[in-house]
Amino acid sequence: MAGRKQLTPKQTAFCEAYAACFNPLKSAEYAGYEPADDKYQLQKAAYRALGNENVKMYINELLEEKRKCLQTVPFQAIIQNLVEITMDESVSTKDKLRASELLIKYKNTNSWEGAETRHVEAFIEALRGEIKWDENE
């Protein structure tokens with residue numbers, strides 16, 4: 001908290017919501033910014049909040065805490081959960097693609113051995129191309 005000024009309760013709620021969903025409009029609505037029924041005004045309030053240096057600093061602090069927590073999660077657990085999301089028929093296509101994107105991001109920020117990389121890349125390509133995925137490859 002050093003280096004930034006105290007935030008208002010709305011700003012704090014906005015930051016916490018934004019760090020959870022990365023959606024400025026939903027975060028502003030959750031935090032109680034007015035008017036919630038006017039999407040344009042709500043969006044202006046959201047982007048005004050995101051422009052505040054103290055808000056940015058707190059969001060970065062929250063994201064850093066999340067990053068540290070994620071570093072303690074075993075690699076296999078992350079991959080397994082993301083793959084399970086992409087295979088779950090009750091999950092929307094949008095959420096399946098988001099899980100696939102996270103697999104790609106995770107792959108790009110962590111060192112995987114060649115066989116594991118090809119396996120995940122083939123799976124993601126199959127999801128995007130809506131072709132049947134061969135688990136034996």
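When you go through (1) modelled with pLDDT under 85; (2) of a type outside the set (Val, Ile, Thr); (3) closer than 21 Å to Thr12 by Cβ one by one for Glu121, which number turns out not to apply? Result: Glu121 fails condition (3) only.
Rundown of residues vs (1) more than 25 Å from Lys105 (Cα to Cα); (2) at pLDDT 90 or above; (3) part of a helix (DSSP H, G or I), yes/no style:
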site: Met1; (1), (2), (3): yes, no, no
site: Phe14; (1), (2), (3): yes, yes, yes
site: Ala20; (1), (2), (3): no, no, yes
site: Ser27; (1), (2), (3): no, yes, yes
site: Glu34; (1), (2), (3): yes, no, no
site: Val55; (1), (2), (3): yes, yes, yes
site: Glu61; (1), (2), (3): no, yes, yes
site: Lys66; (1), (2), (3): no, no, yes
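Checking each residue in the stretch 14-70 for being basic (Lys, Arg) and free of Cβ contacts under 8 Å to residues at least 24 places away in the same chain picks out Lys26, Lys39, Lys44, Arg48, Lys56, Arg67, Lys68.
Each row is one residue, and each column tells you yes or no for (1) of a type in the set (A, V, I, L, M); (2) out of contact with any Asp or Glu (no Cβ under 8 Å at 6 or more places or on another chain); (3) on the phi > 0 side of the Ramachandran plot; (4) surrounded by 15 or more Cβ atoms within 10 Å (Cβ to Cβ).
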site	(1), (2), (3), (4)
Leu7	yes, yes, no, yes
Tyr18	no, yes, no, yes
Pro24	no, yes, no, yes
Glu34	no, yes, no, no
Leu42	yes, no, no, yes
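The values are calculated or read from the model by the stated rules, or taken from the named source; none is laboratory data. Just so it is clear, the model here is predicted, and its values are computed rather than measured. So basically every Cβ, Gly included, is an ideal-geometry build from the backbone, and we count neighbours across all protein chains shown.
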